[in-house]
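Every number here is computed from the coordinates shown, using simple stated rules; none is lab data. Source: prediction; values computed, not measured. Reconstructed Cβ throughout: ideal geometry from the backbone, glycine too, with neighbour counts over all protein chains shown.
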Amino acid sequence: MKSIVTGGAGFIGSHLVDLLIEKGHHVTVIDNYSTGRKLNISHIQKNIEIIEADISIPGDWINVFKEADYVFHLAALADIVPSIQNPEGYFKSNVDGTFNVLQASRLGKIKKLVYAASSSCYGIPDEYPTKESAEIRPQYPYALTKRMGEELVLHWANVYKLPALSLRFFNVYGPRSRTSGTYGAVFGVFLAQKLANQPYTVVGDGKQTRDFTYVKDVADAIFASSQSDFSGEIFNIGSGATISVNRIVELLQGDRIFIPKRPGEPDCTFADISKIKSKIGWTPKVSIEEGIKNLLANIDYWRDAPVWTPEKIKDATSDWFKYLGNEK
């Protein structure tokens, strides 16, 4: 089997590439390294084809789709604040890029496309655990552009009969998680602080809970979905549980300080994963305790990561409060 992974040098993408190689697939990674790292795939670079390209710009990279069996579309720009500051860039990457990948996949007559969507599309939901049928309420450009990409995927599946699925990820964590960003990479922030012997910067009172889902479980869900007969469907990918940020700090061990709660953030994220369990047969396997143990065993990955202090976070998130808060 020949598989393409856009964003294959990224956090989730690199773990998926590892799994595909284990499954005997010939893998082509397409990445422009805007958020991915060459280090993430350095251990397998001899076993894969790597194309450095920007999917938001049509180019020769499209030709590889002509011989592909599976396409895993994970390439995207992430984080809240940069999306507020640069909505054009996010639209180009997450919407135009998805359009280009869909067109290349349609013309290449692939067997299945799996799209990495985001649970941020739910905004602040009314129900926990949150079902796929929950109302869509994107709070910021990142969430909006990921949802627009998902709508394109579902539309192509319906109109052009492109075999495609959309998976909404909840709070993915694990080895190789991003080393920068004041949101969406909480473990990257905390582990860099731990290495620097600095207190953990806990947002709000730390009682908010998150559905932290281990990255290898997510890779398993992506692969299992690709092997299913379903198309035009949406599936939540979560851990089946929710845990407080304060509990995360207890597991990591160390001091904490509290910084202001951020507008537009839910007090809880919690995926209802009954649909993917029943239809595809996937279930998460890694507990939060085991996942954090694995993270700490690989903590040197964050040795050169930026260390966020309350002052740096306040400055970096000023636009967040400006546009999503009550300030006019």
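List of remarks:
- Calculated FRET value between Gln45 and Tyr323, using beta carbons and R₀ = 41 Å, to 0.05: 0.55
- Straight-line reach from Lys146: taking Cα to Cα under 19 Å and skipping same-chain neighbours fewer than 8 places apart, the lysines in range are Lys92, Lys131.
- Under 12 Å, Cβ to Cβ, from Ser118 - net charge with Lys/Arg +1 and Asp/Glu -1: +1
- Reducing the range 1-77 and the range 265-284 to their Cα centroids gives an inter-centroid distance of 26 Å.
- For Lys279, the aspartates and glutamates whose Cα comes closer than 16 Å to its Cα, not counting residues fewer than 8 places off in the same chain, are Glu132, Asp220, Asp229, Glu233.
- Most simply put, the chain has about 5% antiparallel DSSP beta bridges, counting only bridges with both residues inside it.
- Linear extension gain, Glu290 paired with Asp315, 0.36 nm per residue minus alpha-carbon span: 5.6 nm
- Annotation: lysines with alpha-carbon distance below 22 angstrom to Lys314 (same-chain offsets under eight excluded): Lys194, Lys207, Lys261, Lys322, Lys328.
- Projecting the Cα atoms of Leu107, Thr130, Trp156 onto the dipole axis of the range 87-165, where Lys and Arg carry +1 and Asp and Glu carry -1 at the beta carbon, places Leu107 farthest toward the positive end.
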